[in-house]
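Reading through the structure tokens given below for one structure.
The values are calculated or read from the model by the stated rules, or taken from the named source; none is laboratory data. Nothing here was measured: the structure is a model prediction, and the numbers come from that model. All Cβ positions, glycine included, derive from the backbone under ideal geometry; neighbour counts span all protein chains shown. Just so you know, the surface numbers come from the protein's heavy atoms only, side chains and all, with ligands and any DNA or RNA stripped out. Shrake-Rupley method; radii C 1.70, N 1.55, O 1.52, S 1.80 Å.
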Amino acid sequence: VITLTRDPVTFYISNFIQRHASVLPDVLAWQRSRLGTAAGAEIDHAQAVQNFAAELASIIASVDVNDGDEALELARNRWPDHPFVAQEVKACLRPLTWFDTEITGIFGLDILTSPELRRCGWVVLENDWVEILALRFEQLNALVPKIAEFVGRPKLSLGQRNVTSYKPGAWTCKAAMEAAFATPIGRAYVRQLRGSAYARACGYDQPSDIPTS
């Protein structure tokens, strides 16, 4: 099994863009409700995304991110008529528990307790019936030889095409979300995510390793 970690801040931006077409109608409906605008009225899409990202940031910055239930409860209480807000909070926090449910829960190996992952950006763990290579996504290009070694090949090449960047509206969404996360509440959100147990285990709290976008 080969699996990747991901900086939780940039993960959510990419994840949102991947789902942009299906999520945007909910964001626009939320923005109309927030502004008291009539249904069907014209809404600036980029501003709606920026405002929604800021609201998401304010929710997550207000709680202990290691307790995802607290964030979901706050989102539901703030926006009882817009359940998608809680759904997006859950999507944002998904990396923080993914290894617990998908790796430890299935294979019985706790990747996040291995200091090599934080120190080197990769770790191999195994038991009697599975071998797992976990790598930091942000170092993937440099770690291709490690993947080749793991699968027993002398050489390996990986495609470099960034699929997300070709999504309609990708750059507009990215700019809007980054603008929201550059505000004081957005920076508090970033600190929360990168200070989580998951981020510390993967090294995303180390300034030299933190992606800029």
Histogram of C-alpha separations across segment 67-118, 5 Å bin width, % = 4, 19, 20, 17, 13, 11, 8, 5, 1
ask   = What accessible surface, in Å², does a 1.4 Å probe find on residue 106, ignoring ligands, DNA and RNA and rounding to the nearest 10?
value = 90 Å²
ask   = Counting each DSSP H run of 4 or more residues in the chain as -39500 (n - 2.57), what helix-only mean residue ellipticity at 222 nm follows after dividing by all residues, to the nearest 500 deg cm²/dmol?
value = -16500 deg cm²/dmol
ask   = Which one of 33, 57, 79 has its Cα pushed farthest toward the positive end of the charge dipole of segment 1-81, where Lys and Arg give +1 and Asp and Glu give -1 at the Cβ?
value = 33
task = Run down the aspartates and glutamates and flag those whose C-alpha is under 12 Å from the C-alpha of residue 90, throwing out any fewer than 8 positions away in its chain.
result = 67, 69, 70, 73
message = How large is the translational diffusion coefficient of segment 1-89 in µm² per second when you combine the Kirkwood radius over alpha carbon pairs with Stokes-Einstein at 37 °C and 0.692 mPa s?
response = 233 µm²/s
request  = Kindly report, to the nearest 10 Å², the accessible surface of residue 157 as traced by a 1.4 Å probe over protein heavy atoms only.
outcome  = 100 Å²
task = Give me the number: length gained by fully extending residue 19 to residue 153, i.e. 0.36 nm times residue separation minus the C-alpha to C-alpha distance, one decimal in nm.
result = 44.8 nm
query = What angle do you read, to the nearest 10 degrees and between 0 and 90, between the alpha-carbon axis of helix 68-78 and the longest principal axis of the chain?
reply = 10 degrees
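In what order, largest first, do 113, 5, 101 sit by accessible area if the probe radius is 1.4 Å?
Accessible-area ranking of 113, 5, 101, largest first: 113, 101, 5.
So what is the diffusion coefficient of segment 43-177 in µm² per second by Stokes-Einstein at 25 °C and 0.890 mPa s, using a Kirkwood Rh over Cα pairs?
D = 136 µm²/s.
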ask   = Nearest 10 degrees, 0 to 90: what angle lies between the long axis of helix 170-181 and the longest principal axis of the chain (Cα atoms)?
value = 80 degrees
query = Highest GNM mean-square fluctuation, the chain, Cα pairs closer than 10 Å: which of 34, 136, 94?
reply = 34
ask   = Picking from 66, 51, 15, which is most flexible by a Gaussian network model of the chain using Cα springs under 10 Å?
value = 15
Gaussian network model of the chain, springs between alpha carbon atoms under 10 Å - residue of 148, 46, 201 with greatest fluctuation = 148
